[in-house]
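Colleague: Just passing along the structure, written as structure tokens.
All of the numbers you see were taken from the coordinates with simple rules; none came from a lab. Fair warning: this is a prediction, and the values are worked out from it, not measured in the lab. Cβ: placed from backbone, ideal geometry, glycine included. Neighbour counts: every protein chain shown.
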Amino acid sequence: MHERDLAAVAAHALLTSDLAGRRPVLTGPRSLTQPQMVTAIGEAIGRPLRFQDVPAEMARQGMLHSGMPEALTDAFLTLQSRSYLQHDLVTGEVEAILSRPGLTFAQWATEHADAFGA
């Protein structure tokens, strides 16, 4: 989900009573696999990339080695493992709340290309 959509929904919740008492499940406009996301990032930075799945413990050790705190590493990996159980979840709530389609992952990747060393 694009952070501008998240911010727009938050602003809507703060400025109106439309979401009072609701707990909408917010998602992007389309479900993507991790390889599809990596491809979109590659297109945004103008070079081919490939996705390679690694065992969770190897990922954990890499994150810890890079300086990520242990609690954050474990929380992130837990969140990632839970998201695999909902890989096709697209709710349409963002579009319903904002009266416009949610921003795409490709848009996000293009806007953040510099962060990937473009």
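Colleague: Give me the one-decimal Kirkwood hydrodynamic radius in Å for the range 66-107, with the sum taken over alpha-carbon pairs.
Modeller: On the way: mean 1/r = 0.0776 Å⁻¹.
Mean inverse Cα-Cα distance, inverted, gives 12.9 Å.
Colleague: Convert 25 °C to kelvin, take the viscosity as 0.890 mPa s, use the Kirkwood radius over C-alpha pairs of the range 1-81 as Rh, and evaluate the Stokes-Einstein diffusion coefficient in µm²/s, rounded to a whole number. Kindly include the intermediate steps, with their values, before the conclusion.
Modeller: Details: Rh = 15.9 Å.
D, rounded to a whole number, is 155 µm²/s.
Colleague: What list of ³J(HN,Hα) couplings, whole Hz, do you get for the range 10-19 from phi and the Karplus terms 6.51, -1.76, 1.60, once you set θ to phi - 60° and write x for glycine and proline?
Modeller: Residue by residue, the range 10-19 yields 4, 4, 4, 5, 7, 9, 9, 9, 4, 9 Hz.
Colleague: Summing Lys, Arg as +1 and Asp, Glu as -1, what charge do residues with Cβ under 12 Å from the Cβ of LEU64 carry, LEU64 excluded? Each step should come with its number before you reach the end.
Modeller: Values: positive: ARG60; negative: GLU57, GLU70, ASP74.
That works out to -2.
Colleague: Net charge near ALA40: determine it from the other residues with C-beta under 15 Å of the C-beta of ALA40, scoring Lys and Arg +1 and Asp and Glu -1. Can you show the working numbers first?
Modeller: Values: positive: ARG30, ARG47, ARG50; negative: GLU43, GLU111.
So the environment of ALA40 carries a net charge of +1.
Colleague: Count charges around GLU111 for me, please; just the other residues with Cβ under 11 Å from its Cβ, Lys/Arg as +1, Asp/Glu as -1. Please report the intermediate quantities before stating the final value.
Modeller: Numbers: positive: ARG4; negative: GLU3, ASP114.
Net charge around GLU111: -1.
Colleague: For the chain, what does the helix formula give at 222 nm: sum of -39500 (n - 2.57) over DSSP H segments with n ≥ 4, over the residue count, nearest 500 deg cm²/dmol?
Modeller: On the way: 6 runs with 63 residues, N = 118.
Rounded to the nearest 500, the figure is -16000 deg cm²/dmol.
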